[in-house]
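Some notes on the structure that comes next.
The values are calculated or read from the model by the stated rules, or taken from the named source; none is laboratory data. In this text, all values refer to a predicted model and were calculated from it rather than measured experimentally. Note that we place each Cβ from the backbone using ideal geometry, even for glycine, and neighbour counts take in every protein chain shown.
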Amino acid sequence: MSRRFLPRRHLNRLHQALVQAGYEVIGPRVKDDTIVFAPLEQVDDLPWGWQEQADAGRYRLQHTAGRRAFAWNTGPQGLKPWLFQPEQVLWRAEHTETGLNFRAVEPSPERLAFIGLRGCDLAALKIQDQHFLDGPYADPFYRAQREQLFMVAVNCGRSADTCFCVSTGDGPEARFGFDLLLDELDDGYLLQTGSAEGDAIAAHLPLNKASVQQLNEAKTALAGARRQQRTMPATAELAQLVDRLDHPRWQQVAERCLACGNCTSVCPTCFCSKQDSEGDIRNRQAEQVQRWDSCFSEQHSYITGKVVRHKIQHRYRQWLVHKLATWQQQFGRSGCVGCGRCIAWCPVAIDLVEEAHALLETPKEGEHG
């Protein structure tokens with residue numbers, strides 16, 4: 001389907017069509033001075049006129065004069081918490097008169113329609129799909145929820161100071177993975193479908209033919225968003241990080257890093273986890289619980305009585321080299337989608353792009369790792 005035009009006053013019709021199709025609508029909302037994905041009862045809940053000002057270690061919202069709902073780029077979360085949940089019970093065991101009774105926990109997915117996803121979010125979802133779905137042991141909880149998603153993506157009309165998705169090839173335009181794709185203009189939305197499900201929803205909308213002026217306006221906005229971005233080293237250069245394990249920069253960044261794991265929590269592609277066994281005080285029942293973990297945690301590298309990466313510099317090195325270099329061997333690309341979340345939400349303003357460039361430079365004479 002070629003791009004059509006949905007007047008702004010009819011955006012509520014999209015919300016209504018999704019609800020009538022049986023979806024709970026999830027979209028961007030202002031909460032705790034950030035943009036977060038949460039249930040949308042109506043389109044008035046969208047962050048009309050809000051956009052973020054993001055930099056290393058800094059994220060602030062400001063209300064602009066415009067009446068746009070998608071003038072922001074990212075918040076601290078993407079799709080990850082909805083699919084790879086921060087906490088998931090895997091199985092339960094109960095003490096009965098005949099002994100222990102083990103029960104698997106069955107997935108309980110919901111039909112969810114997300115509005116406001118960006119190209120970097122969809123690229124991250126594709127990476128998560130590779131990890132959780134490809135191969136002989138797909139994650140049943142992830143798979144069940146993944147099959148129930150409807151995705152409305154929005155092309156970015158601007159870039160934050162932390163964005164570099166052009167370098168990773170993941171934005172600012174969404175090119176795959178969406179059911180519907182919007183370009184936001186002052187008077188409405190260009191709309192394009194990307195699936196049969198998207199066609200079915202679009203059939204309920206009062207769409208008009210897009211004018212040449214509207215198409216050019218969207219094209220100009222995308223070009224401007226590309227120009228605003230910073231640049232990450234090329235993929236082939238990043239692969240060389242495996243040969244920079246003794247670079248003095250690792251120690252320099254470790255002197256700032258708190259090993260708090262903020263970067264891995266907000267990263268839409270990180271998937272480290274751990275499992276805990278929990279029981280009640282009477283030992284009548286127990287649960288095996290999967291929780292998010294981080295390679296910045298000291299215990300994450302614990303193996304038979306020894307912590308392998310006991311220094312922060314080793315943990316930061318593990319994260320960055322895996323994310324940007326060895327990930328290429330696993331998934332055929334870098335594990336970074338250029339969303340910049342790790343930069344904005346680092347409490348000590350460590351900048352991933354800056355660190356990557358520094359690590360690829362030749363150390364100055366007298367420096368050592």
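Taking the conditions (1) closer than 21 Å to E110 by Cα; (2) surrounded by fewer than 17 Cβ atoms within 10 Å (Cβ to Cβ) in turn, A124 satisfies each one other than (2). Consider the range 306-336 and keep the residues that are under 19 Å from the mean Cα position of the chain (by Cα) and not in a helix (DSSP H, G or I). The one that is farthest from V353 (Cα to Cα) is G332.
Of all residues being assigned to a loop (DSSP other than H, G, I, E, B) and in contact with a Phe, Trp or Tyr (Cβ under 9 Å, 6 or more places away or on another chain) in the range 135-154, which is nearest to I35 (Cα to Cα)? Just the residue, please.
Residues of the range 135-154 that are assigned to a loop (DSSP other than H, G, I, E, B), as a first pass: 135-139, 147-148.
Okay, now just the ones that are also in contact with a Phe, Trp or Tyr (Cβ under 9 Å, 6 or more places away or on another chain), so 138-139, 148.
Numbers: A138: 31, D139: 29, Q148: 24 Å.
In this case the residue turns out to be Q148.
Would you check which residues across the range 43-60 are assigned to a strand (DSSP E or B) and buried (at least 17 other Cβ atoms within 10 Å of the Cβ) and list them? W50, Q51, E52, A54, Y59, listed by residue number.
Only one of the numbered conditions (1) more than 30 Å from T96 (Cα to Cα); (2) in contact (Cβ under 8 Å) with a residue 40 or more places away in the chain is not met by V308, and that is (2).
Checked against the criterion of being of a type in the set (F, W, Y) and either in contact (Cβ under 8 Å) with a residue 12 or more places away in the chain or not in a strand (DSSP E or B) (or both), the range 66-81 has at least one qualifying residue. All but one of (1) in contact with a Lys or Arg (Cβ under 8 Å, 6 or more places away or on another chain); (2) closer than 18 Å to I115 by Cβ hold for S195, so report the exception by its number. Every condition holds for S195 apart from (1).
Evaluation of T220 against the conditions (1) surrounded by fewer than 16 Cβ atoms within 10 Å (Cβ to Cβ); (2) among the polar types (S, T, N, Q); (3) modelled with pLDDT of 95 or more; (4) not assigned by TED's automatic domain parsing to the domain that holds L100 shows that the sole unmet condition is (4).
Any chance the range 311-323 includes a residue that's surrounded by fewer than 16 Cβ atoms within 10 Å (Cβ to Cβ) and at pLDDT below 95? Checking the range 311-323: at least one residue is surrounded by fewer than 16 Cβ atoms within 10 Å (Cβ to Cβ) and at pLDDT below 95.
For the range 268-286, taking the residues that are touching a strand residue (DSSP E or B) at 6+ places or on another chain (Cβ under 8 Å) and within 30 Å of L122 (Cα to Cα), the one that is surrounded by the fewest Cβ atoms within 10 Å (Cβ to Cβ) is identified as Q275. For the range 140-169, a residue qualifies if it is of a type outside the set (S, T, N, Q), in contact with a Lys or Arg (Cβ under 9 Å, 6 or more places away or on another chain) and closer than 17 Å to G194 by Cα, and the qualifying residues are L149, F150, A153, V154. Within the range 191-209, the residues that satisfy the criterion of being in contact with an Asp or Glu (Cβ under 9 Å, 6 or more places away or on another chain) and assigned to a loop (DSSP other than H, G, I, E, B) are G194, S195.
Against the criterion of being in contact with a His (Cβ under 6 Å, 6 or more places away or on another chain) and not β-branched (V, I, T), D293 qualifies.
In the set V253, V289, only one residue is aliphatic (A, V, I, L, M) and buried (at least 20 other Cβ atoms within 10 Å of the Cβ); that residue is V253.
Report whether or not A349 is in contact (Cβ under 8 Å) with a residue 24 or more places away in the chain and part of a loop (DSSP other than H, G, I, E, B). Considered against the rule, which asks whether it is in contact (Cβ under 8 Å) with a residue 24 or more places away in the chain and part of a loop (DSSP other than H, G, I, E, B), A349 comes out as yes.
Selection of the range 62-92 for residues being surrounded by fewer than 16 Cβ atoms within 10 Å (Cβ to Cβ) and aliphatic (A, V, I, L, M) yields A65, V89, L90.
One line per residue, one yes/no per condition, for (1) under 16 Å from A202 (Cα atoms); (2) surrounded by 18 or more Cβ atoms within 10 Å (Cβ to Cβ):
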| residue | (1), (2) |
| --- | --- |
| R8 | yes, no |
| N12 | yes, no |
| Q16 | yes, no |
| V19 | yes, no |
| I26 | no, yes |
| D33 | no, no |
| F37 | no, yes |
| E41 | no, no |
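Kindly provide the set of residues from the range 201-221 that are touching a residue at least 40 places away in the same chain (Cβ under 8 Å) and within 17 Å of S2 (Cβ to Cβ), ordered by number. The answer is I201, A202, L205, P206, L207, N208, K209, A210, S211, Q214, L215, A218.
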